[in-house]
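Taking it in order: structure first as structure tokens, then the write-up.
The values are calculated or read from the model by the stated rules, or taken from the named source; none is laboratory data. What you see is a predicted model, and the numbers here were worked out from it, not measured in a lab. FYI the Cβ positions are ideal-geometry reconstructions off the backbone, even for glycines, and counts take in every protein chain you see.
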Amino acid sequence: MAATPSGSFWYKYLQRWLKTGSLVCVGLDPDLALLPEVVRSCGNPIWEFNRRIIDATSEHVCAYKPNLAFYLSDGARGWEALQLTIDHIPGDIPVILDCKVGDIGSTMEQYVHSFIDDLKVDAITLNPLMGSDVLKPLLQREGSFAFALALTSNPSARDFFIQAGMAETVATWINSFPQQRLGAVVGATQNTELSRMRKLLPGRLFLIPGIGAQGGDLKAVMKHASDTPETPNILINSSRGIIFKDKSPDFATTAATEAKKLKQAVLAEL
């Protein structure tokens, strides 16, 4: 395996795992309609909410994952909040921008320039259906990383990923690229498919949404989706179950408690 550049997503992920024992990825999905009252009167409520969440939870997490849609929905103020949020996350914690983009090469170049070069996130999520064009611009940025949609957590994922056999096709495509540059999004709610996905993608890093509000089974995920106790190669994402657990002025303290609980629950299943 090639040497891992320091500062790359893969390096940061491994270092956070070794330093903190955490495999928790906190999804920063700041739905304006769900924000606690205490931040709604702020000039930029999304930024204020995220700042408090990050400050409270950072010691318990392996990564953060802002979802682009929640920032775009607040216009220019939301984009500013996203920039401030990424800048505020400690530099040793990897940041995944959940954008699920996937387009022809010239268009992907613009996405990658915006997200990797300008926003300076460490990784993005992408839709692989247009083939290698979606990944080529990313691979030109040293140390950058992507998670390809391989088996999503939403109920209608069955329409294509399972019934049409797309998961196997995507897995084959993912395996044609270096492990240090491309992982897979594998939904926690797909209990019967987790073991199969791990067999199809040995050694790949899985970003696993669906734990918490979506009802994913952590025990099943840890049993079927992790590699080994030493190198689990997973990130367990929880968004609403952590950041919106409490709507009181103490929301950030509660979020820290929930992040710590999830961290401990994950470790207990390794």
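Mind listing whichever residues of region 143-182 are modelled with pLDDT of 95 or more and among the charged types (D, E, K, R)? Passing the criteria: only ARG181. Only one entry in ASP103, ASP92, ASP55 is within 24 Å of PHE9 (Cβ to Cβ) and outside any loop (DSSP other than H, G, I, E, B), namely ASP55.
In this structure, is ILE86 closer than 25 Å to GLN15 by Cα, of a type in the set (Val, Ile, Thr) and part of a helix (DSSP H, G or I)? Here the answer is yes, as ILE86 does meet what is asked. Of all residues in region 69-92, those that are without any contact (Cβ under 8 Å) to a residue 12 or more places away in the chain have Cβ atoms under 8 Å from Cβ atoms of residues that are surrounded by 14 or more Cβ atoms within 10 Å (Cβ to Cβ), 6 or more apart or on another chain, in LEU72/GLY78; LEU72/TRP79; TRP79/TYR71.
So, of the residues in region 83-111 that are hydrophobic (A, V, I, L, M, F, W, C) and over 19 Å from CYS62 (Cα atoms), which turns out to be surrounded by the fewest Cβ atoms within 10 Å (Cβ to Cβ)? Here the residue is ILE104.
Across region 112-125, what is the total count of residues that are more than 14 Å from the chain's Cα centre (by Cα) and either in contact (Cβ under 8 Å) with a residue 24 or more places away in the chain or surrounded by fewer than 17 Cβ atoms within 10 Å (Cβ to Cβ) (or both)?
8
State all residues of region 232-251 that are under 18 Å from the mean Cα position of the chain (by Cα) and among the hydroxyl-bearing types (Ser, Thr, Tyr); if no residue qualifies, say none. Within region 232-251, SER238, SER239 qualify.
The residue list LEU194, LEU207, LEU218 contains one member that is crowded, with 16+ Cβ neighbours inside 10 Å, within 22 Å of LYS19 (Cα to Cα) and of a type outside the set (Val, Ile, Thr), which is LEU207.
Confirm whether ASP133 is more than 19 Å from the chain's Cα centre (by Cα), in a loop (DSSP other than H, G, I, E, B) and acidic (Asp, Glu).
no
Screening the candidates ASN67, ASN50, ASN44 for the property of being polar (S, T, N, Q) and more than 20 Å from the chain's Cα centre (by Cα) yields one hit, ASN44. Tell me whether region 43-55 contains one or more residues that are surrounded by fewer than 20 Cβ atoms within 10 Å (Cβ to Cβ), at pLDDT 95 or above, of a type in the set (Gly, Ala, Ser) and over 26 Å from ALA265 (Cβ atoms). Yes; the residues of region 43-55 include at least one that is surrounded by fewer than 20 Cβ atoms within 10 Å (Cβ to Cβ), at pLDDT 95 or above, of a type in the set (Gly, Ala, Ser) and over 26 Å from ALA265 (Cβ atoms).
The single condition from (1) in contact with a Lys or Arg (Cβ under 6 Å, 6 or more places away or on another chain); (2) more than 29 Å from PRO178 (Cα to Cα); (3) not acidic (Asp, Glu) that ASN50 fails is (1). Count of region 240-270 residues, restricted to those that are under 24 Å from GLN190 (Cβ atoms), modelled with pLDDT of 95 or more and part of a loop (DSSP other than H, G, I, E, B), is 1.
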